[in-house]
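Novice: Before I ask anything, here is the structure I am working with.
Since every read-out is calculated from the coordinates, none of them should be taken as a lab result. What you see is a predicted model; the values in this text were computed from it and never measured. Methodologically, a virtual Cβ is constructed for each residue, glycine included, from the backbone with ideal geometry; neighbour enumeration extends over all protein chains shown.
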């Protein structure tokens, strides 16, 4: 991972741990709300490549009742390059998780990521950030309906 100041300005601004952390925490809370348990560690790495990729984010279905397999079959172009995006985002996701753990927003227990009760400070959040957060919550609910291995298989990647 490059030193923070050696990163391109766009990367530093768009992929900063506070913003990505907000999305990850919303994802974890949503997943926990559906399952009553934390997000399996391996699933934490899929959120950012889905939500931060504009075309994928815009194509996400509006309801968790939409079966992921059927949706992916009707949108096969979204899996093109997905494994590469996941690999590119691993360090960003790890850095974000370290930030969240350090600040007390998440914890890890038995291989699962859990949200704590600590809240992000309330700032003025614009509509674009709300869209990212809503899609993160959606993915959390959606992923709660399948096993990790099934999700990885459907998206065409391996851990």
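Novice: Check segment 119-138 and report whether any residue there is over 17 Å from the mean Cα position of the chain (by Cα) and in a strand (DSSP E or B).
Specialist: no
Novice: Looking only at segment 7-47, which residues are out of contact with any helix residue (DSSP H, G or I) (no Cβ under 7 Å at 6 or more places or on another chain), in a loop (DSSP other than H, G, I, E, B) and under 22 Å from residue 125 (Cβ atoms)?
Specialist: 16
Novice: Suppose we keep only residues that are within 16 Å of the chain's Cα centre (by Cα) and assigned to a loop (DSSP other than H, G, I, E, B) within segment 148-159. Which one would you say is surrounded by the most Cβ atoms within 10 Å (Cβ to Cβ)? If you could, list the steps in order and put the result at the bottom.
Specialist: Looking only at segment 148-159, we keep the residues that are within 16 Å of the chain's Cα centre (by Cα), and these are 148, 151-152, 155, 157, 159.
Right, trim to assigned to a loop (DSSP other than H, G, I, E, B) and you get 157, 159.
Working: 157: 18, 159: 10.
Filtering segment 148-159 for residues that are within 16 Å of the chain's Cα centre (by Cα) and assigned to a loop (DSSP other than H, G, I, E, B), the one surrounded by the most Cβ atoms within 10 Å (Cβ to Cβ) comes out as 157.
Novice: Then there is this: Which members of segment 101-150 meet the condition of being touching a residue at least 24 places away in the same chain (Cβ under 8 Å) and under 19 Å from residue 70 (Cα atoms)?
Specialist: Across segment 101-150, the qualifying residues are 135, 138, 139, 140, 141, 142, 143, 144, 145, 146, 148.
Novice: Restricting attention to segment 67-93, which residues are in contact (Cβ under 8 Å) with a residue 60 or more places away in the chain and loosely packed, with under 14 Cβ neighbours inside 10 Å?
Specialist: Hits for segment 67-93 are 69, 91.
Novice: For residue 114, state whether it is outside any helix (DSSP H, G or I), within 17 Å of the chain's Cα centre (by Cα) and more than 23 Å from residue 155 (Cβ to Cβ).
Specialist: Values: outside any helix (DSSP H, G or I): yes; within 17 Å of the chain's Cα centre (by Cα): yes; more than 23 Å from residue 155 (Cβ to Cβ): yes.
Taking the combined requirement at face value, the residue satisfies it.
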